[in-house]
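Chemist: Sharing a structure with you now.
The values are calculated or read from the model by the stated rules, or taken from the named source; none is laboratory data. Because the structure is predicted, anything quoted here is derived from the model rather than measured. Heads up, the Cβs are rebuilt from the backbone with ideal geometry, glycines too, and the neighbour counts pull from every protein chain shown.
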Amino acid sequence: MKVRALPGGQLFIKNVSQDEKTKIALLIGGSPSLRDVSLEAASVIEGSIDKSKYDVKKIVIDEKGRWIVNDYPKNAALALKGVNVVINTLHGEYSDVAPIQTTIERMQIPYTGSTSLAATMAIDKLASRLLFRQNGLVVPTTLNFDFRKILDFKSVQREITSYFNLPVVIKPNSKGFSFGVGIVKDAADIPEAIRYAAGFDKIILVEEFLRGLEVSCMVVETRSGLVGLPPVVLMPVFKKQASSSFDIPETKDAKLNIAHLDEEIIKRIKTVAVYIHKLLGLRHYSKTDFILIKDKLYVLEVNPFPAFTKNSLALKAINWWGIDLNKFLDHLIDLTLNPQKEDNFSNVRLAL
């Protein structure tokens, strides 16, 4: 066993001989809105993984949820035959709502990342924010609407403008990567922003616009415990919709930098991110997004499957931590094949 020590924890890297290659299934594709993210993440992972240790089989989940191997549809059992570990790069409905994970769980094949139950809770902003508030964390003030039950947009406009000062943020409840998010400065644009968000999820959130520093923190499971990686500051770029005045965040053009903040603030961000990872029962790694206003830390959302695309925050965070993706994948596969004994987090408490 080869051990690589890093600040805050140890990554245990397993050596595998040429005759003992581990068979990896790389799940690719998923829902249309996030398919490109999945394809890029899978390409980065395939290019980084150590081929002397692993045989990689690519399995594409198409837009109809079919399992495709070498351009031919197969049932899940045949597609995963002989596989030791599944690396899931799916994003969107098929992954977030968890039917693919549930299939893999029924087949008792180890897979990277959080379980279907924990992931479903994490991506449901309404449910997770309720849990966060109950456990002493601060979240944005939020209204929610079921798009399917909206009969009169004027009454919705009045409710929103009587509750909030503009601008407001309108977003889908269970979607990441800033899909469906609109920053609305004019009340006349509220209906269009709601329709835009409803294209990604029928449960719509309207929340206060927080003017602060957007910070994200990755959490990684190591053999010596959970580690909060150096927080990353996100400087989003916004583009305007052609037909209205509401803005949409353009994540691919966002600038990422290590957060140069007071050490106590950095420690607090890491502590809260680790706490949230435990509270939700997440596994292996996760990413939590915050807004920092002076010394007040708001929890925005949690991503149980941060994508390792070329310019992603997740990839930059582990690189800035001092490890490349090749070694991180070794560690991730080892954790998946040789899981640690689960801690009992039923009485977890946060001391800030």
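Chemist: Look at segment 106-128 and say how many of its residues are assigned to a helix (DSSP H, G or I) and farther than 15 Å from Pro304 by Cα.
Modeler: So the answer is 2.
Chemist: Any idea which residue in segment 184-202 is nearest to Phe246 (Cα to Cα), counting only those that are outside any helix (DSSP H, G or I) and touching a helix residue (DSSP H, G or I) at 6+ places or on another chain (Cβ under 7 Å)?
Modeler: Val184
Chemist: Tell me, please, whether a residue that is in contact (Cβ under 8 Å) with a residue 40 or more places away in the chain, of a type in the set (Gly, Ala, Ser) and under 27 Å from Ile204 (Cβ atoms) can be found in segment 153-160.
Modeler: No.
Chemist: Taking segment 108-144 only, how many residues are among the polar types (S, T, N, Q) and buried (at least 16 other Cβ atoms within 10 Å of the Cβ)?
Modeler: Start the filter on segment 108-144 by keeping residues that are among the polar types (S, T, N, Q), which leaves 108, 112, 114-116, 120, 128, 134-135, 141-142, 144.
Filter once more, keeping what is buried (at least 16 other Cβ atoms within 10 Å of the Cβ): 112, 114-116, 120, 128, 142.
Qualifying residue count, segment 108-144: 7.
Chemist: Please enumerate the residues belonging to segment 25-52 that are within 23 Å of Thr309 (Cβ to Cβ) and more than 22 Å from the chain's Cα centre (by Cα). So that I can check it myself, show each step before the final result.
Modeler: Here is the first cut: in segment 25-52, the residues within 23 Å of Thr309 (Cβ to Cβ) are 25-51.
Passing the criteria: Asp50, Lys51.
Residues checked against (1) in a loop (DSSP other than H, G, I, E, B); (2) under 17 Å from the mean Cα position of the chain (by Cα):
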{"site": "Thr288", "(1), (2)": "no, yes"}
{"site": "Ile291", "(1), (2)": "no, yes"}
{"site": "Leu297", "(1), (2)": "no, no"}
{"site": "Val302", "(1), (2)": "no, yes"}
{"site": "Ala307", "(1), (2)": "yes, yes"}
{"site": "Lys310", "(1), (2)": "yes, yes"}
{"site": "Lys316", "(1), (2)": "no, yes"}
{"site": "Trp320", "(1), (2)": "no, no"}
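Chemist: Quick check on segment 145-166. Is at least one of its residues of a type in the set (Val, Ile, Thr), closer than 28 Å to Arg268 by Cβ and surrounded by 14 or more Cβ atoms within 10 Å (Cβ to Cβ)? Break it down stepwise before answering.
Modeler: Step one: filter segment 145-166 for residues of a type in the set (Val, Ile, Thr), giving 150, 156, 160-161.
Checking which are closer than 28 Å to Arg268 by Cβ leaves us with none.
The answer is no; no qualifying residue exists.
Chemist: If you don't mind, there's one more thing I want to ask. Quickly run through segment 165-186 and pick out the residues that are out of contact with any strand residue (DSSP E or B) (no Cβ under 6 Å at 6 or more places or on another chain) and over 22 Å from Val37 (Cβ atoms).
Modeler: Across segment 165-186, the qualifying residues are Asn165, Leu166, Lys185, Asp186.
Quick grid of which residues meet (1) closer than 30 Å to Leu26 by Cβ; (2) modelled with pLDDT of 95 or more; (3) hydroxyl-bearing (Ser, Thr, Tyr); (4) surrounded by 18 or more Cβ atoms within 10 Å (Cβ to Cβ):
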residue: Lys240; (1), (2), (3), (4): no, no, no, no
residue: Asp262; (1), (2), (3), (4): no, no, no, no
residue: His277; (1), (2), (3), (4): yes, yes, no, yes
residue: Phe290; (1), (2), (3), (4): no, yes, no, yes
residue: Pro306; (1), (2), (3), (4): yes, no, no, yes
residue: Lys341; (1), (2), (3), (4): yes, no, no, no
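Chemist: When you go through Phe132, Phe209 one by one, which is the residue that is under 29 Å from Leu335 (Cβ atoms) and either touching a strand residue (DSSP E or B) at 6+ places or on another chain (Cβ under 6 Å) or free of Cβ contacts under 8 Å to residues at least 12 places away in the same chain (or both)?
Modeler: After ruling out the rest, the residue left standing is Phe132.
Chemist: If I filter segment 2-18 for residues that are at pLDDT 80 or above and either in a helix (DSSP H, G or I) or closer than 19 Å to Lys327 by Cβ (or both), do I get at least one hit? It would help to see each step written out before you state the result.
Modeler: So in segment 2-18, the residues at pLDDT 80 or above come out as none.
No: segment 2-18 contains no residue that is at pLDDT 80 or above and either in a helix (DSSP H, G or I) or closer than 19 Å to Lys327 by Cβ (or both).
Chemist: Name the residues in segment 37-73 that are more than 16 Å from His91 (Cβ to Cβ), touching a Lys or Arg at 6+ places or on another chain (Cβ under 9 Å) and hydrophobic (A, V, I, L, M, F, W, C), would you?
Modeler: Hits for segment 37-73 are Val56, Trp67, Ile68, Val69.
Chemist: Within segment 154-177, which residues are more than 18 Å from Leu126 (Cβ to Cβ) and polar (S, T, N, Q)?
Modeler: Correct list: Ser155, Gln157, Thr161, Ser162, Asn165.
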